[in-house]
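The values are calculated or read from the model by the stated rules, or taken from the named source; none is laboratory data. Note that the structure is predicted; figures quoted are calculated from it, not measured. With ligands, DNA and RNA removed, areas are computed over all heavy atoms of the protein, side chains included. Shrake-Rupley method; radii C 1.70, N 1.55, O 1.52, S 1.80 Å.
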Amino acid sequence: MAFSNLKLIVRKTRQDLFKEKRNLLIAMTVILFCFISIVIGFTKYSENFSDIKEYRKETRENWEHRPDKHPHRMAHYGYLVFRIGHPLTIFDTGLDDYLGNVIFLEAHKQNTANLSEAGSSGILVRFGTFSSAFILQTIVPIIIIFLGFGLVVQERENATLKILNVQGASARDILWGKILGLWQFSLLFLLPVVPVVFLAALLSETTTAADILMRLVIIAPSYMIYYFFFSTLTVLISANSKNTSASLISLIGCWLILVIFLPKGIQFTSQNLYPTPSRIAFETQVEKEVLKVGDSHNPNDPHFKHIKDSLLARYHVKTTDELPINYSGLVMKEGEKISSKIYEGNLEKLQIQYKKQQRLGEILGFINPVMAIKNLSMTAAGTDYYAYQNFQKQAEEYRYKLAQNMNDLQIENISNNQPSKGEKSSTVSSEEWKQFPDFKYEFTSLKESIWQQITTLAAVLFWLLICVAMIELSAKHLKLI
């Protein structure tokens, strides 16, 4: 390959694209919409963060200011925990709009997250949300197609392709030059957006500059590869089409299949291949299994009767009232342990199904680059399913500690003997509520997220290699006339 010829073709293609006022107008419009989406995203994120801070403070104050109570009542009084999304939600909302951000925690029961954006919005949210990632993933590829569908076929129709060849440019120079020229112009849609996203995320003050920067270091090159794929696809179809009309129709067909139909088809297929139970069916199954092992609220339950007999024998007493520790608290502690173990077992089975769905989407990223960039963009932005799953895990760990802490307070401080009529019921000082720490949600680290989605990263790199192979192969069969 003669690099001087290649440089000339790249420069000529790029300059031709920049020369057209219409192209610059389109680029400015797209960038403007990206900026608008960032401003809207930033405003929405700031409002959510402010609201969550206020609700968290209110929840904590209500918890700490509860009067002296029986600890089991406090365990049922419960606690609300909130999740604030990663600031790069401003760029890519991912699954955050479809998943809840608030969980009510209480004893004996694991509740799911509520108050999602999709739940409070209309049906239009199902078609995707207005974000920079949506524009860069969906709109920019079709613009690349309109800009480049005639790059080679038009030169052939005008007989200038043969002239280029006679002047010393090989088929490889022509294809690489056209693709790189179109790709360089396509970066105009991406490069101004990255620093604005960085500044907006930094202003949110919810994570460090290093964290945002590292995530953008993954996002920006991934989108560059994505645009390189569409530039390659556009120029190669243009090179192999009989005329400009055929080139344009073929490319629009490719865009419809890759961007619209395949992602929806993959989603539908994965849900049918790996079905998951409804929320009611899941909770019913957990309840059934808990009752099989032991019901902590039933004094005649065989599992808990065995515990009672063991305690009476250990302390050499005849009734639970004579025990030096609170028997009900012990039963509740054991019940919590059983129900949590069963819930975690069922949740693990459910998450295996979700992981299979997710894994299918990741593998099909090797068939459709749009799936690959969507998954990688969400992962790097911290808005994927794994980030949500991590929130659920942190919330459940907190709930279990809270419930067992209340059970321990009951075991240590509450008498087995029922108070007489008119006597004050057994309680624990409200100072104990203040001792239990507040819930603090921590973002999933980039390293952990990427490790979970390593297949997606491999799929993006795979498409880069496929593009190079396709260009080299097509260069051998390029028709000049």
Rg in Å to one decimal, and Dmax rounded to a whole Å, for region 338-481 via C-alpha atoms
26.7, 104
Using only the alpha carbons of region 281-354, determine the length spanned along each of the three principal axes and report them from longest to shortest in whole angstroms.
51, 18, 14
On alpha-carbon atoms, Rg over Rh for region 1-80 using Kirkwood Rh?
1.56
Under 23 Å Cα-Cα from residue 162, which lysines qualify once same-chain neighbours fewer than 8 residues away are excluded?
7, 12, 178, 242, 476, 479
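Over region 310-416, what per residue volume does the convex hull of the Cα atoms give, in whole Å³? Please report the intermediate quantities before stating the final value.
Details: hull volume 10.3 nm³, N = 107.
Taking the convex hull of the Cα positions in region 310-416, it is 97 Å³ per residue.
Can you work out the accessible area per residue across the chain, with the rest of the protein chains kept in place, probe 1.4 Å, in square angstrom? Kindly include the intermediate steps, with their values, before the conclusion.
Details: 24710 Å² over 481 residues.
Value returned for the chain: 51 Å² of accessible area per residue.
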Take the alpha-carbon positions of the chain, form their convex hull, and give its projected area averaged over all directions (one quarter of the hull surface) in nm².
28.0 nm²
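Taking all protein chains as present, what is the carbon and sulfur share of the accessible area of the chain, in % to the nearest whole number, probe 1.4 Å?
Values: 15010 of 24710 Å².
Of all accessible area on the chain, carbon and sulfur atoms account for 61 percent.
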Aspartates and glutamates near residue 19 by alpha-carbon distance under 18 Å, same-chain residues fewer than 8 away left out - which ones?
155
